[in-house]
Amino acid sequence: MNIQGKTALVTGASRGIGRAIALELAHQGAGCLILVARNHQRLDEVAAEIAAMGVRAITLPLDLTDIPAVRIAAAQVWQRDGPIHLLVNCAGVAHQSPFLKARLPQVQQEIALNLMGTYTITHLLARRMARRREGRIINVSSLMGKVAAPTMATYSATKFALVGFTHALRGELADYNIQVTALLPSLTETDMAHNLERFRWVIPTSPAAVARVLVASLDKESAEILVGWQSHLAVLCSRIAPGILERIIRATAPKAQALRFSSVGASQI
Ligand SMILES: NC(=O)c1ccc[n+]([C@@H]2O[C@H](COP(=O)([O-])OP(=O)(O)OC[C@H]3O[C@@H](n4cnc5c(N)ncnc54)[C@H](OP(=O)(O)O)[C@@H]3O)[C@@H](O)[C@H]2O)c1
């Protein structure tokens with residue numbers, strides 16, 4: 001896809017990887033950026049950075065887990081600022097916890113945003129793209145959508161689901177000239193990563209580097225975009241030597257063993 005002059009809607013655009021993708025799209029010549037997240041002030045700041053590049057930026061403050069609000073906002077923004085050529089589903093949340101100590105509200109939040117939030121806005125915009133027989137959709141999954149990680153069970157499950165969702169949509173939406181791709185970043189220096197207990201030996205990358213890889217890959221038709229050599233190595237290893245990879249992941253994962261079975265309480269699953 002040639003992004004020149006096109007309109008892109010980026011979720012999770014208030015900070016982290018989504019913000020970097022929005023800025024990179026503007027830098028590479030997008031005509032209009034529609035920025036989605038909950039925090040008005042941060043969205044305004046990103047919009048101001050984009051406007052300073054001479055690119056139109058529209059903020060759309062929205063909680064993507066509020067399905068009725070997403071329906072209304074999607075219809076209004078398409079009517080007012082559409083057509084939208086590119087949808088980047090980047091909003092996501094990660095709660096790290098030993099599985100046996102998992103808390104139901106956090107599990108539900110991960111599923112509600114990473115999966116149902118992505119599903120809802122994609123459904124609403126893809127139907128409109130299909131009518132025009134033109135569109136590009138990027139689902140930001142994770143390396144944890146290919147290589148599951150201890151202490152990240154629900155997050156991994158949602159990110160694996162996004163890869164499956166992407167592959168299924170590719171088959172269906174190709175008939176409408178809509179290309180769908182999963183972006184699989186590895187550890188990236190954002191607020192999300194700062195709140196996680198790190199896996200040893202994993203070298204973090206920057207949000208700007210992830211954004212550059214994505215935008216440079218937009219004209220390719222690949223189903224998945226991996227970011228960084230560690231991701232390529234991990235995915236290769238998962239194919240040819242899954243047992244070895246499993247042992248490496250166990251050795252490098254944060255110590256969930258610190259969990260005490262007796263402390264699993266009524267407020268937890
Ligand atoms: N950082 C990593 O190491 C890493 C690695 C692989 C994949 N990823 C994926 O990359 C994506 C972006 O992650 P990040 O690291 O940039 O995270 P981040 O810095 O925590 O940013 C998350 C973004 O999602 C938005 N968001 C959160 N809840 C929302 C909701 N209910 N409705 C609408 N927007 C919401 C946040 O904005 P508001 O708070 O303003 O709503 C923010 O813009 C996620 O899908 C994540 O799973 C991250």
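The values are calculated or read from the model by the stated rules, or taken from the named source; none is laboratory data. Not measured: the values here are computed from a predicted model. Neighbour counts are summed over all protein chains in view; Cβ atoms, including those assigned to glycine, are modelled from backbone coordinates with ideal geometry.
Filtering the range 33-44 down to residues that are of a type outside the set (S, T, N, Q) and assigned to a helix (DSSP H, G or I), which residue is surrounded by the most Cβ atoms within 10 Å (Cβ to Cβ)? I'd like the intermediate steps shown before the answer.
Residues of the range 33-44 that are of a type outside the set (S, T, N, Q), as a first pass: 33-38, 40, 42-44.
Subsequent filtering for residues that are assigned to a helix (DSSP H, G or I) retains 40, 42-44.
Values: H40: 11, R42: 17, L43: 24, D44: 15.
Result: L43.
Please work out if S186 is in contact (Cβ under 8 Å) with a residue 40 or more places away in the chain and in contact with a helix residue (DSSP H, G or I) (Cβ under 6 Å, 6 or more places away or on another chain).
Answer is yes for this residue.
Which of the residues spanning the range 138-155 are touching a residue at least 60 places away in the same chain (Cβ under 8 Å), more than 9 Å from the ligand (Cβ to nearest atom) and either outside any loop (DSSP other than H, G, I, E, B) or among the basic types (K, R) (or both)?
Listed by number, the residues that qualify are I138, K146.
Looking at R42, R19, R71 in this structure, which one is basic (K, R) and either within 17 Å of L214 (Cβ to Cβ) or more than 20 Å from the chain's Cα centre (by Cα) (or both)?
When all the criteria are applied, what remains is R19.
I'd like the residue in the range 157-197 that is over 18 Å from I17 (Cα atoms) and at pLDDT below 95 and, out of all such residues, is farthest from the ligand (Cβ to nearest atom).
Result: G171.
For the range 11-32, indicate whether the set of residues that are part of a helix (DSSP H, G or I) and free of Cβ contacts under 8 Å to residues at least 24 places away in the same chain is non-empty.
no
Please determine, by comparing only the residues of the range 222-257 that are part of a helix (DSSP H, G or I) and of a type in the set (V, I, T), which one is nearest to the chain's Cα centre (by Cα).
V235
Kindly indicate whether any position in the range 48-61 is acidic (D, E) and within 22 Å of E110 (Cβ to Cβ).
No: zero hits.
Which of (1) hydrophobic (A, V, I, L, M, F, W, C); (2) more than 20 Å from S206 (Cβ to Cβ); (3) within 12 Å of the ligand (Cβ to nearest atom) does V10 not meet, given it meets every other one?
Among (1) hydrophobic (A, V, I, L, M, F, W, C); (2) more than 20 Å from S206 (Cβ to Cβ); (3) within 12 Å of the ligand (Cβ to nearest atom), the lone unmet condition for V10 is (2).
Pull out all pairs, ordered by first then second residue, where Cβ-Cβ is under 7 Å, the residues are six or more apart or on different chains, the first lies in the range 77-90 and is among the acidic types (D, E), and the second is surrounded by 20 or more Cβ atoms within 10 Å (Cβ to Cβ).
D81/T7; D81/C32; D81/I34
Looking only at residues that are within 18 Å of L9 (Cβ to Cβ) and among the hydroxyl-bearing types (S, T, Y) in the range 142-181, which one is surrounded by the fewest Cβ atoms within 10 Å (Cβ to Cβ)?
Y176
So, in the range 140-166, how many residues would count as being touching a Cys at 6+ places or on another chain (Cβ under 9 Å) and over 17 Å from E246 (Cβ atoms)?
1
Does the range 58-88 hold any residues that are part of a loop (DSSP other than H, G, I, E, B) and either within 19 Å of I21 (Cβ to Cβ) or more than 11 Å from the ligand (Cβ to nearest atom) (or both), and which are they? Outline the logic, then answer.
First, the residues of the range 58-88 that are part of a loop (DSSP other than H, G, I, E, B): 62-66, 82-85.
Within the range 58-88, L62, L64, G82, P83, I84, H85 meet the criteria.
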